[in-house]
Amino acid sequence: MILDIPVIRNFRVTEVETDRSPDELYAPFAKQSYSALLTGKGGTDNSRYSFIGINPLYVHRSSKEPFDEINHLIDHYSVKDYDYPLSLWGGIGLLSYDALHTIESIPHTTRDMYDFPLLTFVFYKDFIVVDHQKQKTYLIQAQTDTTEYTRSALILEAKIPSYTASVSGNTTMIDKKSYVKRVGRIIDYIKKGDVYEVNLSHQCATPFSGDAYALFQSLYTRNPAPFSAYLSFGDSAVLSNSPERFLYARHNYVETRPIKGTAPRFADPKQDAQSKKALLSSEKDAAELAMIVDLLRNDLGKISTIGSVCVKEHRRVEAYRKVWHMLSIITSQLRDTVSYGDLLRACFPGGSITGCPKIRSMEIIDELEDYSRHAYTGSIFIANDKRLDSNIIIRTLIAADNMLYFNVGGAIVYDSVPEKEYQETLDKAANIMAVLNDARH
């Protein structure tokens, strides 16, 4: 049971004028414990809003079964009867990949390099919504029996600090020979009929000092990915540059956007176009995506109305600064009895970062990966009882105890070439590695 949640007496919604971007509005509060920024640039269908949470109202951390707790929390502060923009107010949370162990009996033999609870979920007294489509910014403030409204000038006109960070030493990562050997193990499993696809990753680490937000600013400037986030959660910070939506829901409508297929970008337009064309014509990448689409159709089918699951768009190619990505969009209608916590449980972890079939793939991931994933391939999300949006935590740095950790990986299928799979992980790490190299000088 979740206790001692403050009662909100009233909300105040103010439309504000500001020439600051979301990352600038958040910057004065980046060191505030349990503050959060969700932002990104992309299409109108995936990057309409940015959200900023400061001055926490209630912080929930748990290593118990998290999905029922999510239901309880979002039901406690119902916004179903509120109109825009107050209907966008909600809690910002992080689900650890290891929450899978509350769903399935999967071995857990990997080593811990940093730690996260299974669920962190935070409601805020001061909450900023930036609607990029309407070009409007709103400050939503909650008042309780023991707190008054924060003066808006203290939030909107706060001095923007200058953050700095430095990285020392080399970035450690698995050597090519070891990764190639593990890819070969997966291909053997595929040949034996155990699995069709497994998403294998490896962890990288480097010491750092200074302000983690400086690294996020550099990463976001380099690549303003649509599902980027900065979470100052407890003793750790999460610097996410994720391109991938996990689940989006509004009322009973649901969609998921798995990414499968990556190709490098090039400065030369002709070479860049050829790389995109090669991605679209790749039978391997098409097979990877098709398998995960089927897996997610099955996951959604468990909690959706009969006949409502459909593939809205298949093999869309999206452009990012360093890579091309291929994705599909699957939609459905939730049954009336299904909550957003139930939706997350039915689909977690995302099939694009586990494999197919999911349970056996996760067993192989535990066998072959050295370190616990924790935040990596979990999900950062914003939720209330009317709306949910979430990413898959990839292209993400975790700052903990003066160390930076990040994982990179890819899907292994029958016709994978092990050496190319290793190179693909380096391609995906290009933006992060560039930021770290800049911070070394």
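Here are a few things to note about the model shown:
- Some residue of region 107-114 being free of Cβ contacts under 8 Å to residues at least 12 places away in the same chain and either within 19 Å of S339 (Cβ to Cβ) or not hydrophobic (A, V, I, L, M, F, W, C) (or both): no
- If you go through region 252-267 and keep only what is more than 18 Å from R316 (Cα to Cα) and either in contact with a Phe, Trp or Tyr (Cβ under 6 Å, 6 or more places away or on another chain) or at pLDDT below 95 (or both), you end up with F266, A267.
- Flag: V338 matches the condition of being closer than 26 Å to L119 by Cα, of a type in the set (A, V, I, L, M) and in a loop (DSSP other than H, G, I, E, B).
- Considered as a group, the residues in region 247-301 that are basic (K, R) and surrounded by fewer than 14 Cβ atoms within 10 Å (Cβ to Cβ) include one that is farthest from R387 (Cα to Cα), and that residue is K270.
- Index of the failed condition, F67 passing every other in (1) aromatic (F, W, Y); (2) surrounded by fewer than 17 Cβ atoms within 10 Å (Cβ to Cβ); (3) in a helix (DSSP H, G or I): (2)
- Where K192 falls short, out of the listed (1) in contact with an Asp or Glu (Cβ under 8 Å, 6 or more places away or on another chain); (2) surrounded by fewer than 21 Cβ atoms within 10 Å (Cβ to Cβ); (3) charged (D, E, K, R): (1)
- Single unsatisfied condition, Y320 versus (1) in contact with a Leu (Cβ under 7 Å, 6 or more places away or on another chain); (2) more than 27 Å from G193 (Cα to Cα); (3) aromatic (F, W, Y): (1)
- Count of region 328-344 residues which are surrounded by fewer than 24 Cβ atoms within 10 Å (Cβ to Cβ) and not β-branched (V, I, T): 8
- Per-region count, region 60-92, residues touching a helix residue (DSSP H, G or I) at 6+ places or on another chain (Cβ under 7 Å) and under 20 Å from G350 (Cα atoms): 6
- Residue within region 314-325 that is within 29 Å of A430 (Cα to Cα), more than 21 Å from the chain's Cα centre (by Cα) and surrounded by fewer than 17 Cβ atoms within 10 Å (Cβ to Cβ) present: yes
- Given (1) within 20 Å of the chain's Cα centre (by Cα); (2) outside any loop (DSSP other than H, G, I, E, B); (3) at pLDDT 95 or above; (4) within 24 Å of R222 (Cα to Cα), number of the condition I393 does not satisfy: (2)
- The residue that is farthest from T305 (Cα to Cα), among those in region 237-269 that are among the charged types (D, E, K, R) and out of contact with any Lys or Arg (no Cβ under 9 Å at 6 or more places or on another chain), is D268.
- Within region 275-294, considering residues that are in contact with a Phe, Trp or Tyr (Cβ under 8 Å, 6 or more places away or on another chain) and of a type outside the set (A, V, I, L, M, F, W, C), the one farthest from P243 (Cα to Cα): S275
- Within region 26-56, being surrounded by fewer than 23 Cβ atoms within 10 Å (Cβ to Cβ), among the aromatic types (F, W, Y) and not in a strand (DSSP E or B) holds for F29, Y34.
- Selection over region 70-102 of residues that are polar (S, T, N, Q), assigned to a helix (DSSP H, G or I) and under 21 Å from the mean Cα position of the chain (by Cα) gives a count of 2.
The values are calculated or read from the model by the stated rules, or taken from the named source; none is laboratory data. Values in this document were obtained by computation on a predicted structure and should not be read as measured data. No Cβ is skipped: glycine too gets one built from the backbone with ideal geometry, and neighbour counts run over all protein chains shown.
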